[in-house]
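**Student:** Please see the structure below; I have some questions.
The values are calculated or read from the model by the stated rules, or taken from the named source; none is laboratory data. The model shown is predicted, which means the values in this text are computed figures rather than measured ones. With ideal geometry, Cβ positions are generated from the backbone for all residues, glycine too; neighbour counts draw on all protein chains shown. For the accessible areas, the whole protein counts, side chains as well, though only heavy atoms, and no ligand, DNA or RNA atoms are used. Shrake-Rupley method; radii C 1.70, N 1.55, O 1.52, S 1.80 Å.
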Amino acid sequence: MTNTKIIVITSGKGGVGKTTTSAAFAMGLALEGHKTAVVDFDVGLRNLDLIMGCERRVVYDFVNVINKEARLNQALIRDKRTENLYILPASQTKDKESLTMEGVETVLNELKETFDYIVCDSPAGIEHGAFMAMYFADEAVVVTNPEISSVRDSDRILGLLASKTKRVVENRTPVKEHLLLTRYSPERVSRGEMLSVKDIQEILSIPLLGVIPESEAVLTASNQGVPVIANRNSDAGMAYQDCVARFLGEDIEMRFIDPKKKSIFSKFFGGN
C-alpha cells in the first residue's frame, strides 16, 4: 500500500507512557477499520508484547526478520481481540545495534505492502533504537508528562525530528508532529504542582493531539495485558479514543483538562 503512514511514538524520557500509547493507538486505529501493525523498537527490553498480552505467543521477533532467520509473517502476531491488528515484537536477547538502517527499511517496506498504518514504539532517549524508530516516520506522536524534565527532553526529540529523519534528508515535507500529554492531573496543575497544558504548548509549540489523565486504569490494563483503550469506561480509555479520532481528522473537544467540579453533597459532607 503506497499510502501507508508510519507513525513513531517517541519521547526523550523513559517511563512517560510510550508503550501504553503505542498499544492504545494501534488498537484504536484497528478498531476504526484500518489494518495496523505495531512494531517494538526497544531491543533488549521488550515490553510491548506484555502490554498487548501476547508475550507467550512470541516465537520470532523483529531482529530475526532483519537477520533473515524468519519471515515477516512468521514473526507477526495477530491480536486475538481486534481484527486488523498485528504486533511485531522486539528481541530480548540482541543488542540495539542489530537494528540496521537497511534491515529496518526492508521490514517497513514489506509491512507497507499490507498495512494502512505502522506504529513504531520507540525506546526512550536519543540513542540508536530511538533514532531508528523515528528515521522513517511520516508522523510523530511526542509523549510528554507535565513536568519540566520530560518537556525539556521532548524538546530535544523535536530537534532530531526536524533535522535527522529520512524526510529531511530527502528534502520532503517534514515529519508531522503531534503532542500527547500523559499522567495529567488538573487538580495538581491548579495547585501549581504540575505544568499546565498551556505552559507545555508554549514551550514545545506543536499541535496538541490529546491529554491522557492520570488514571489507575492504565496500570490495571498493563498488568492484564490489554491496551487501556479497550476499557471504554475509563477516563484514560476515553481520552485515547479521542486522540485516535482527532488523528483521523475528527474535531473533538479536549476533555480531562479542567478539575472535576465537586458535587453539592461533597461540599456539605467534606468528600473528595
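**Student:** Restricting to bridges with both residues inside the chain, how much of the DSSP beta-bridge set is antiparallel, in percent to the nearest 5?
**Tutor:** In the chain, DSSP labels about 5 percent of beta bridges as antiparallel.
**Student:** What aspartates and glutamates sit close enough to Lys261 to cross-link, taking a C-alpha to C-alpha distance under 17 Å and skipping anything fewer than 8 places away on the same chain?
**Tutor:** Answer for Lys261, where 17 Å is the Cα cut-off: Glu187, Glu214, Asp235, listed by chain and number.
**Student:** Now a separate question. Taking the Cα centre of the chain as the origin, how large is its charge dipole in debye, to the nearest 20, when only Lys and Arg (+1) and Asp and Glu (-1) carry charge on their Cβ atoms?
**Tutor:** 420
**Student:** Could you work out the relative contact order of the chain? I mean the mean sequence separation of Cα pairs under 8 Å and 6+ apart, divided by the number of residues, in percent.
**Tutor:** The normalised contact order for the chain reaches 23 percent.
**Student:** So for each of 243-252, 165-174 I average, over its residues, the number of other beta carbons within 10 Å; can you give me the resulting order with the highest mean first?
**Tutor:** Most protected by this proxy first, the peptides run 243-252, 165-174.
**Student:** My understanding is that a pair violates if its Cα-Cα distance is over 28 Å; which of Lys13/Lys94; Lys94/Lys176; Lys80/Lys166 do that in this structure?
**Tutor:** Lys94/Lys176; Lys80/Lys166
**Student:** I'd like the carbon and sulfur percentage of the solvent accessible area for the chain, probe radius 1.4 Å, heavy atoms only, ligands and nucleic acids excluded.
**Tutor:** Taking all protein chains in place, the chain shows 48 percent carbon and sulfur surface.
**Student:** If you place +1 on the Cβ of every Lys and Arg, -1 on the Cβ of every Asp and Glu, and leave all else neutral, what size is the dipole of region 157-272 about its Cα centre, to the nearest 20 Debye?
**Tutor:** Using Cβ point charges on Lys, Arg, Asp and Glu, region 157-272 gives about 80 debye.
**Student:** Just to confirm, what accessible area per residue do you get for the chain at 1.4 Å probe, in whole Å²?
**Tutor:** That works out to 48 Å² for each residue.
**Student:** Toward the positive end of the charge dipole of the chain, about the Cα centre and with charges on Cβ (Lys, Arg +1; Asp, Glu -1), which of Ala24, Asn64, Val228 goes farthest?
**Tutor:** Val228
**Student:** Moving to a separate point now. Starting from the eigenvalues of the Cα gyration tensor, five times each then square-rooted, give me the equivalent ellipsoid semi-axes of the chain, largest first, whole Å.
**Tutor:** Semi-axes from the Cα gyration tensor: 32, 21, 16 Å.
**Student:** Then there's this: Can you give the helix-only mean residue ellipticity at 222 nm for the chain, where every DSSP H stretch with n ≥ 4 adds -39500 (n - 2.57) and the sum goes over all residues, rounded to the nearest 500 deg cm²/dmol?
**Tutor:** After summing the helix terms and dividing by residue count, I get -11000 deg cm²/dmol.
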